[in-house]
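For reference, the structure discussed in these notes is given below.
Bear in mind these aren't lab numbers, they're just calculated from the coordinates by the rules spelled out. Quick caveat, the model's predicted, so the values are computed rather than measured. Please note: Cβ atoms are built from the backbone with ideal geometry, for glycine as well, and neighbour counts cover all protein chains shown.
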Amino acid sequence: MRGPKAQEPRPASIPTSGARTPIAPPALRHYALLGLLSLLWGVSYNFAKVAVATIPPLTTTAARVAIAAVLLATLLRASGVAVFSSRYPWRLLTIQAVMINIVPWSMSAWAAQTIDSGLVAVLNSTSPIFAFFITWAITRHEPATGAKLAGALAGLAGVVLIVGVGVASDIGAQVPQQLACVLGAILFGIAAVHGRRFDALPPLVPATLTLIVGAAVLTPLSLVIDRPWLLTPSRSSLIAAGCLAVFSTAAALYLYYRILATLGSIAAASQSYLRIVFGVAIGIFFLGESLTAERLAGIALIVAGVIAMTRPVVSIRTMRPGDRC
């Protein structure tokens, strides 16, 4: 009797994030995890840029998700937790998979075929802006201050500057790709809020199960549409796709849900401004991409906005007359 129960944990028996301190010490460890996640996701756009050179975007994303799903499922099973259980909220996990890997990653891979990986990184990294607006207008599960609102508006101005200049200068040639990245960022922002529903589960569980759902959807589509057995991918594309799956997907998603459960949705999305730095810098130094004045101004607005949204909030209660400083 005890063996099966240990392998199929009940979500209700697992401590929820409500039992944790939202901003828990040590802060240095949390910042280190945010930095590592930023690096892993920042370099993902560069990996994708190299991979889609000879591998279609849909197949690139399907391989990314499927390989990562196998890795995390193996790790989850080795830890004694059931990979498949009727106790898991599969409907919610399917919704999360659509918003966090199926649609956003497919769109960013498609966009990476024609626009710089640095620009893909910038536009995809606007997710905390949309996470804030969802939190502020709908869920209200975290403090939404005036400073954060100003930061969100500054970030939106940065997006408009980047995309708007593209419309004026290139007669809209790359606007569909840029808008696809923005849509992916919106979905990622929604996923950051929706992901709090899985706080009762160990971080490895939603990370693994959303990838399994994504693989179940994307792999058949890849087989039918791209017929990958007829492809002749280059060695560099294969290596990039492998790194994308192992480091920027399996490892990064585990870190994402771990941070989401401890720091909250807005803070979890705050790695985006560091992700911009990594994505743009790697694109410039290793892929020969350029940084225009318009993009630099847009990046500055987005970074400033995300920083403003992720600053710690001091409770007004500490300023009551009867309280001591």
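Numbers at a glance
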| item | result |
| --- | --- |
| Length gained when the stretch VAL160-ARG29 is fully extended (0.36 nm per residue, less Cα-Cα span) | 43.7 nm |
| For segment 101-108, 3J(HN,Hα) per residue [Karplus equation, 6.51 cos²θ - 1.76 cosθ + 1.60, θ = phi - 60°, Hz, x = Gly/Pro] | 9, 5, 7, x, 5, 5, 5, 5 |
| Phi-based couplings in Hz for segment 239-255 (Karplus 6.51, -1.76, 1.60; Gly and Pro marked x) | 5, 5, 5, x, 5, 4, 6, 6, 8, 8, 10, 4, 5, 5, 5, 4, 5 |
| Förster-model FRET efficiency, 51 Å R0, ARG235 and SER86, C-beta, rounded to 0.05 | 0.75 |
